[in-house]
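Presented below is the structure to which this report refers.
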Amino acid sequence: MGSSSLNLEDVSSDSLTTELLRRMKCATQPDKRLILIGPPGSGKGTQSPMIKDEYCLCHLATGDMLRAAVAAKTPLGVKAKEAMDKGELVSDELVVGIIDEAMKKPSCRKGFVLDGFPRTVGQAQMLDEMLEKQGVKIDKVLDFAIDDVILEERITGRWIHAASGRSYHTKFAPPKVPGIDDVTGEPLIQRKDDTVAVLRSRLEAFHKQTKPVIDYYWKKGIVAKLHAEKSPKEVKDEVQKVLS
């Protein structure tokens, strides 16, 4: 270790003990390679950090990985940037290559939670081929199933205070005065993506592209359908049952 590395004397005993216990727990965890599939607002973003921590996995969100590869100027990142600069979509081969690269990190040793990919059957097949070369496979696909009508109510009721990021919901967590931030008294805004029109077009695209992906994995017998309309706590309990 270089002189700039962390001095363990500066780390509290509690922090060291917590990390030691985490590593011992992780050592006994079985490897898991998971895919989360669900429409926008289905709760994947709430559950994925909990799944990652509980099972000592790394979280692979394809958008974040692409940005990181471009920023780090990796060979694949350079190719991805060339495509983006031309206004083209990044090819499936490149995305699978970037996932392959990311999986080699120490944090992915026990497996991963893949979010936002695959979106098509072709991508799913390429991902399977890449994993097969490494002698591993997808263990479980968590399908965050939720009715479009419930999603519409969940998403279009969201309002935020732009400056602080405080969020409200007209039904589930309303402000004291409709349309007004509780703390500052300033008006609340709705994100562009949280309108009925945007949501409906995103849902249409999701159903068209992703239903075949769920069918593809269903035939392999690895899909677990979750009741994503339930509370985060109830969904978490379902996830734990499926993965235990």
- prompt: Between W218 and D193, how many nm apart are label points set 7 Å from Cα along the C-beta direction?
  reply: 2.7 nm
- prompt: Hey, what's the range 102-244 come to in accessible area per residue, 1.4 Å probe, Å²?
  reply: 60 Å²
statement: the range 145-230, Kirkwood Rh and Cα Rg, ratio Rg/Rh at 1.12
field: Using θ = phi - 60° and Karplus 6.51 cos²θ - 1.76 cosθ + 1.60, couplings along the range 227-238 (whole Hz; Gly, Pro as x)
entry: 8, 6, 7, 6, 5, x, 5, 5, 5, 4, 4, 4
- request: In nm, give the distance between the simple-model label positions of E88 and A71, each being 7 Å from the Cα along the Cα-to-Cβ direction.
  value: 2.5 nm
- line: With 0.36 nm assigned to each residue of separation and the Cα-Cα distance removed, E186 to L20 gains 55.2 nm
query: Using a 1.4 Å probe on the protein chains only, how many percent of the accessible area of the chain belongs to carbon and sulfur?
result: 56 percent
statement: Stretched fully, the stretch from H227 through D53 gains (0.36 nm per residue minus C-alpha distance, one decimal, in nm) 60.5 nm
task: Just need the relative contact order of the range 63-169 here, percent rounded to a whole number, with Cα pairs under 8 Å and 6+ apart.
output: 14 percent
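The values are calculated or read from the model by the stated rules, or taken from the named source; none is laboratory data. In this text the structure is predicted, and so the values were computed from the model without any measurement. Counting neighbours? That spans all protein chains shown, and the Cβs are built from the backbone with ideal geometry, glycine included. The protein model used for the area step is the full one, side chains on, heavy atoms only, and it has no ligands, DNA or RNA in it. Shrake-Rupley method; radii C 1.70, N 1.55, O 1.52, S 1.80 Å.
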